[in-house]
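First the structure, in the form of structure tokens, and then the observations on it.
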Amino acid sequence: MLAKPIYELVPYCYLFLGIACIVIPHELLYTLIGIVSFLLGANIWRMRSEARRRDQKSQRIKQRRARYYYEFKPFILFISALTLTQWTQNEIILLSCALLCFSALVIIAMRLLNRHSHSLSH
């Protein structure tokens, strides 16, 4: 079993490893490794966030279809924008990538606030 500080850092290590693999080199293999490791970190982060939710199940929006797209949407937006930033030089695309990154961060922040702000006593 891993020590708690190491256990808590695992998804962030995957996320940062994925970002580093995409940002540093301009090779397709590194980009693919970066995308895969980023999505693995996102999946670990998503599973932990789901397990640690404090809001009641009755307060959650019922979703059957496209549940995984909903859960991975901010991560997909962020990694897509980062990959486009590294592989293109067009200013319009770079501006849209900055907006995509910002919207991904806003979605994650809103979910964190929503999932962890409700107490079980409501």
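Structure values in brief
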{"quantity": "Subset of the stretch 38-96 (residues that are in a helix (DSSP H, G or I), farther than 14 Å from Leu15 by Cα, at pLDDT 85 or above and of a type in the set (S, T, N, Q))", "calculated": "Thr85, Gln86, Ser96"}
{"quantity": "Count of the stretch 18-31 residues which are open to solvent by less than 90 Å² (accessible area, probe 1.4 Å) and part of a helix (DSSP H, G or I)", "calculated": "7"}
{"quantity": "Residue match in the stretch 75-93 (condition: open to solvent by 50 Å² or more (accessible area, probe 1.4 Å) and over 25 Å from Pro25 (Cα atoms))", "calculated": "no"}
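The values are calculated or read from the model by the stated rules, or taken from the named source; none is laboratory data. Keep in mind the model is a prediction, meaning the values are calculated, not measured. Note: accessible area is taken over every heavy atom of the protein model, side chains too, but ligands, DNA and RNA are not part of it. Shrake-Rupley method; radii C 1.70, N 1.55, O 1.52, S 1.80 Å.
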